[in-house]
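A short write-up of the structure that comes next.
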Amino acid sequence: MKLQQLRYIWEVANHNLNVSATAASLYTSQPGISKQIRLLEDELGAEIFSRSGKHLTKVTPIGEEILSIANRILGEVENIKQLAQEHKSPKSGSLDIATTHTQARYALPDVIQKFIHRYPQVGLHMHQGTPVQISEKAAEGTVDFAIATEALELFSDLIMMPCYRWNRCILVPKEHPLATLKDVALTDVAKYSIVTYVFGFTGRSKLDEAFSNQGLDANVVFTATDADVIKTYVRLGLGIGIVAHMAYDPDVDSDLVVIEASHLFDSSVTSIGFRKGTYLRGYMYDFISTFAPHLTRDVVDKVMSLPDNEARALFFETLELPVC
């Protein structure tokens, strides 16, 4: 059994059993991958993939177990490489982050700027996507960190740590009737068309829960993943905008009226996470604590030592999160 064979079966599984696509991504030949997979299956005396002719059709039950173990082995191999690199060049390397547009556009710029200034020899790469895409990339080990708010149940294979709480605001044109109200209630908001985030993005579930809990219908007429797009359509008169408060820029958005909405919706929590068993390099600890100062190296190490997500949740109940 060779590490190369384990990498091949893992990559094939993550390329939807497409050997040609796998070969292209690994800069090798399709016959070479197929041969190594067959050699591994012959050695184990078990089929990892079912076949129809020359095509792989699905992962077998024992193949699922083999792939799970292969993933852990490949992860430990990567940890060994990271450990050696940390010893040799502690301030050089790479850092891959998967997150949503709102975090990338509004929460991370200052953090990224400080990090790059401190570690100019670390290549930093940001990947934007849905919570599902973010969790998959982190679980597969193709990114180092996942930063997300919604659908944290998708991240069960990761150690997720809460960073800060945030809430929403309502954006309307200056002449809008809501701009004249002293205290805006959810019943007032329900009278108007709403422009907001796509479901599954940026705390959208909290908005839907708030309306549902009061027996109201949210008349959402337009959704987007990008707060700047939402603001554009508010300016066009499509509806009132409900966005993360951090997305309001008093200089850029001076033509809009911002209405505080934290009394209308429960706050959301943004978390950062990484795959269990990951070796964290010094600059990775530093990135975490720059993004969330309460997540010091000692705290992160403590969290990693806890046995399960339930224990981690109990631990974080003792910490007071900052509000953004």
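Beyond 13 Å, what share of the Cα-Cα pairs of the range 149-193 is found? Please give it as a whole percent.
70 percent
Just Ala23, Ala247, Ala292 to compare: in a GNM of the chain, with alpha carbon springs under 10 Å, which one fluctuates most?
Checking each option, the largest mean-square fluctuation is seen for Ala23.
Which one of Gly45, Gly277, Gly239 has the biggest mean-square fluctuation once the chain is modelled by GNM with Cα springs under 10 Å?
Result for the chain, Cα springs under 10 Å: Gly45 fluctuates most.
Apply the Karplus parameterisation 6.51 cos²θ - 1.76 cosθ + 1.60, with θ equal to phi minus 60°, to every residue of the range 27-33 and state each ³J(HN,Hα) to the nearest whole Hz, in sequence, with x for glycine and proline.
The phi angles translate into 6, 9, 9, 4, x, x, 5 Hz.
With θ set to phi - 60° and the Karplus curve 6.51 cos²θ - 1.76 cosθ + 1.60, what are the ³J(HN,Hα) couplings of the range 318-324 in order, to the nearest whole Hz, using x for Gly and Pro?
Per-residue couplings from phi come out as 7, 9, 8, 7, x, 10, 9 Hz.
Given a 1.4 Å probe and the protein chains all in place, what does the accessible area of His294 round to, in Å² to the nearest 10?
40 Å²
What are the residues whose amide H is under 5 Å from the amide H of His127, where those residues sit 5 or more places off or on another chain and H is modelled from the backbone?
The list, which skips near neighbours in sequence, is Ile97, Ala98, Thr99.
Give, as a single signed number, the net charge of other residues whose beta carbon lies under 13 Å from the beta carbon of Pro177, with Lys and Arg counted +1 and Asp and Glu -1.
Every neighbour counted, the sum reads +1.
Using only DSSP helix segments of four residues or longer, with each worth -39500 (n - 2.57), what per-residue ellipticity at 222 nm results for the chain after dividing by its residue count and rounding to 500?
When only DSSP H runs of four or more count, the value is -12500 deg cm²/dmol.
Need one value: the accessible area of Lys174 in square angstrom, 1.4 angstrom probe, rounded to the nearest 10.
For Lys174, the solvent-accessible surface is approximately 130 Å².
Which cross-chain or sequence-distant (5 or more) residues have an amide H under 5 Å from the amide H of Tyr197, H modelled 1.01 Å from N in plane?
Counting only residues 5 or more places away or on other chains, the set is Ala224.
The values are calculated or read from the model by the stated rules, or taken from the named source; none is laboratory data. The model shown is predicted, which means the values in this text are computed figures rather than measured ones. Every residue, glycine as well, gets a Cβ built from its backbone with ideal geometry; the counts of neighbours run over all protein chains shown. In case anyone asks, the SASA skips ligands and DNA or RNA and just uses the protein heavy atoms, side chains included. Shrake-Rupley method; radii C 1.70, N 1.55, O 1.52, S 1.80 Å.
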